[in-house]
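Undergrad: Once you've had a glance at the structure underneath, I'll fire off some questions.
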Amino acid sequence: MHRGKGMKFVGDSRVPAERKPNIPKDYSEFPGKTEAFWPNFLLKEWMVGAVFLIGYLVLTIVHESPLEKKADPTDAGYIPLPDWYFLFLYQLLKYKYAAGDYVLIGTVIIPGLAFGALMLAPFLDKGLERRPSKRPIATGLMLLGLISVTYLTWESVVTHDWEKAKTQGKIVDVSFDENDPGYKIYQKQSCVGCHGNTLSGGASGPSLIGTGLKPEEIMKIAKEGKPPGMPPNAFKGSDKELKQLAEFISKLEKK
């Protein structure tokens, strides 16, 4: 046999004798910039994703999630606050024509139009250019969305009452006998709406735990009120019930 001719032996018949590099065809639109999707491109994406995931896990370990007190459905003054990535939608619902009777506009129509426009951007601008200046429609929609989300998020942060939210969410460890006659009287009164089901207070009423007040002082406040939020004659019941309630509240102490 002559050199370069004849049979070639390999270990596996499925393995070609000559291996060609995994380089796709170089299209004329992007000369010299073509890259194989597998494994080159996917490997880079996987490495970036792995770095991001590790960094995110480190942050969750270093900064633990803040916990608030147990949810109280009777606290009508609680100030809610969603996670940071929903703050722009939360702020949108504070405006007149996106809340109340127009809540459908703020929750469905406006977000639907915004995200729908971003999804349609590739179909509205089919140019082959990569430079943002050469793709005005896609670039304009993206900049408009980015500016809107940034502004609404910033507005939500600066207008939120962080001090009051910190107070209302503070965990207060207290235990009391729910079968106590004073607590049963408390639940029947309007006190629950302001001071909460656990007596730890809310946005419209202070905590009743560890006040240091004597039963006589509590009874006086219930009858005469206490500015600015406690109106007079708020208690509706007999003097005996008021005394039981006052003695119950005076015995509450923080742990």
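The values are calculated or read from the model by the stated rules, or taken from the named source; none is laboratory data. Keep in mind it's a predicted model, so treat the numbers as computed, not measured. Because the Cβ atoms are built from the backbone with ideal geometry, glycine has one as well, and the counts that use them run over all protein chains shown. These area figures cover heavy atoms from the full protein model, side chains too; ligands, DNA and RNA do not enter into them. Shrake-Rupley method; radii C 1.70, N 1.55, O 1.52, S 1.80 Å.
Undergrad: Filter the range 32-46 for residues that are surrounded by 11 or more Cβ atoms within 10 Å (Cβ to Cβ) and in a loop (DSSP other than H, G, I, E, B); which is modelled with the highest pLDDT?
TA: Of everything passing the filter in the range 32-46, 36 is modelled with the highest pLDDT.
Undergrad: Okay, next question. Quickly run through the range 156-187 and pick out the residues that are modelled with pLDDT under 75, surrounded by 14 or more Cβ atoms within 10 Å (Cβ to Cβ) and more than 19 Å from residue 66 (Cα to Cα).
TA: 174, 176
Undergrad: For the list (1) in a helix (DSSP H, G or I); (2) touching a residue at least 24 places away in the same chain (Cβ under 8 Å), I need the number of the one condition that residue 128 fails.
TA: Of everything listed in (1) in a helix (DSSP H, G or I); (2) touching a residue at least 24 places away in the same chain (Cβ under 8 Å), residue 128 misses just condition (1).
Undergrad: Follow-up question, since we're still on this one. Residues of the range 80-91 being at pLDDT below 90 and surrounded by 15 or more Cβ atoms within 10 Å (Cβ to Cβ), which ones?
TA: 81
Undergrad: Somewhere in the range 99-107, is a residue under 27 Å from residue 164 (Cβ atoms), among the hydrophobic types (A, V, I, L, M, F, W, C), open to solvent by 60 Å² or more (accessible area, probe 1.4 Å) and assigned to a helix (DSSP H, G or I)?
TA: Scanning the range 99-107 turns up at least one residue that is under 27 Å from residue 164 (Cβ atoms), among the hydrophobic types (A, V, I, L, M, F, W, C), open to solvent by 60 Å² or more (accessible area, probe 1.4 Å) and assigned to a helix (DSSP H, G or I).
Undergrad: Report yes if some residue within the range 188-195 is charged (D, E, K, R), at pLDDT 75 or above and over 22 Å from residue 71 (Cα atoms); otherwise report no. Quick ask: steps written out before the conclusion?
TA: Let us first name the residues in the range 188-195 that are charged (D, E, K, R), namely 188.
With at pLDDT 75 or above added as a condition, the list becomes 188.
Subsequent filtering for residues that are over 22 Å from residue 71 (Cα atoms) retains none.
There is no residue in the range 188-195 that is charged (D, E, K, R), at pLDDT 75 or above and over 22 Å from residue 71 (Cα atoms).
Undergrad: For residue 248, state whether it is open to solvent by less than 40 Å² (accessible area, probe 1.4 Å) and part of a loop (DSSP other than H, G, I, E, B). Explain how you work it out, then say what you get.
TA: Details: open to solvent by less than 40 Å² (accessible area, probe 1.4 Å): yes; part of a loop (DSSP other than H, G, I, E, B): no.
Here the answer is no, as residue 248 does not meet what is asked.
Undergrad: Would you be able to tell me the number of residues in the range 115-152 that are exposed (fewer than 10 other Cβ atoms within 10 Å of the Cβ) and among the basic types (Lys, Arg)?
TA: 3
Undergrad: Take the residues in the range 215-242 that are modelled with pLDDT under 80 and small (Gly, Ala, Ser); name whichever of them is nearest to residue 205 (Cα to Cα).
TA: 229
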